[in-house]
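To start, the structure itself, in structure tokens.
The values are calculated or read from the model by the stated rules, or taken from the named source; none is laboratory data. None of the values given here were measured: they were computed from a predicted structure. All Cβ positions, even for glycine, are placed from backbone atoms using ideal geometry, and neighbour counts span all protein chains on display.
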Amino acid sequence: MKFEILTLFPEMFEGVLGSSILNKAQERDLINVDTINIRDYATDKHKQADDYPYGGGAGMVMKPEPIFRAIEDLSIGENVPVIFLTPQGKTFNQKMAKDFAKKERLVLLCGHYEGVDQRVRDELVTHEVSIGDFVLTGGELPAMILVDAISRMVSGVLGSDESYIEDSFYHGILDYPQYTRPQEFRGLEVPSILLSGNHAKIARWRRKEALKKTLVRRADLLEEVKLSLEDQEILTE
Ligand code: ADE
């Protein structure tokens, strides 16, 4: 999986890409992340990447020419998504991460200031994605969030290929509670069923806890998933 990130601030990505699982995934060539400085594609001598908005108003707008040149330089075909990070986009979720993880290559465009020239969005962008109903100073943090969420679904990136399958949201519901040693900590005990060695009972307990948590915190998610008869039974126990 190759990510190409167009940004005015490539240095913002260094910590995230240079650490932990994303760093290892790059070392192992499971993912490849290039940050491209849009300013390098500015044509004038001041390397200007933004300008005043036509019609007036506050703030600056990112100019079309450097972004067009930067994306044309990537020589992408029809099938490569060009994702613009914006609070006006479709809200990112696990299903989108899963779908994007099936692609071989993704281009992420980070906006700044008051936004980018509309012609970029009309002609180059294939997807507009938001990470939530709040406004950040730019698209860099959202781009990092996409790279992280998508990469961990790429085969081999997590220690075991199955670990993301247990995630909250993967099956459309929240995750069950996890415990590790010690068995008793400051008088707080690990639920005894987890020590029982009875895998069927453990699975049923975990499913119940996950369903209960989802019901209390995110009942909206249960409208989307089809609960099995067993789930309905577990919930009414
Ligand atoms: N840029 C600024 N705010 C954003 C958000 N909430 N999601 C995606 N991109 C953004």
Inset, instruction - Looking only at segment 139-177, count how many residues are in contact with a Phe, Trp or Tyr (Cβ under 9 Å, 6 or more places away or on another chain) and either charged (D, E, K, R) or in a helix (DSSP H, G or I) (or both). - result: 14
Legend entry - Pairs with Cβ under 7 Å, 6+ apart, first in segment 137-150 and closer than 14 Å to residue 101 by Cα, second small (Gly, Ala, Ser): 149/97; 150/97; 150/101
Inset, instruction - State whether the residues of segment 170-180 include one that is surrounded by fewer than 12 Cβ atoms within 10 Å (Cβ to Cβ), under 25 Å from residue 97 (Cβ atoms) and not assigned by TED's automatic domain parsing to the domain that holds residue 28. - result: yes
Legend entry - Positions within segment 27-56 being surrounded by 10 or more Cβ atoms within 10 Å (Cβ to Cβ) and among the small types (Gly, Ala, Ser), in sequence order: 42, 49
Legend entry - Unique match (being assigned to a loop (DSSP other than H, G, I, E, B), more than 8 Å from the ligand (Cβ to nearest atom) and over 30 Å from residue 24 (Cβ atoms)) among 128, 114: 114
Inset, instruction - Answer yes if at least one residue in segment 6-15 is free of Cβ contacts under 8 Å to residues at least 40 places away in the same chain, in a strand (DSSP E or B), buried (at least 17 other Cβ atoms within 10 Å of the Cβ) and away from the ligand (no atom under 16 Å from the Cβ), and no otherwise. - result: no
Inset, instruction - Take segment 91-116 and flag every residue that is of a type in the set (Val, Ile, Thr), over 25 Å from residue 64 (Cβ atoms) and either surrounded by 15 or more Cβ atoms within 10 Å (Cβ to Cβ) or touching a Cys at 6+ places or on another chain (Cβ under 8 Å) (or both). - result: none
Inset, instruction - Please give the number of the condition residue 103 fails out of (1) in a helix (DSSP H, G or I); (2) modelled with pLDDT of 95 or more; (3) more than 16 Å from the ligand (Cβ to nearest atom). - result: (1)
Legend entry - Residue count for segment 36-95, restricted to those that are over 30 Å from residue 171 (Cα atoms) and either within 16 Å of the ligand (Cβ to nearest atom) or out of contact with any Pro (no Cβ under 6 Å at 6 or more places or on another chain) (or both): 39
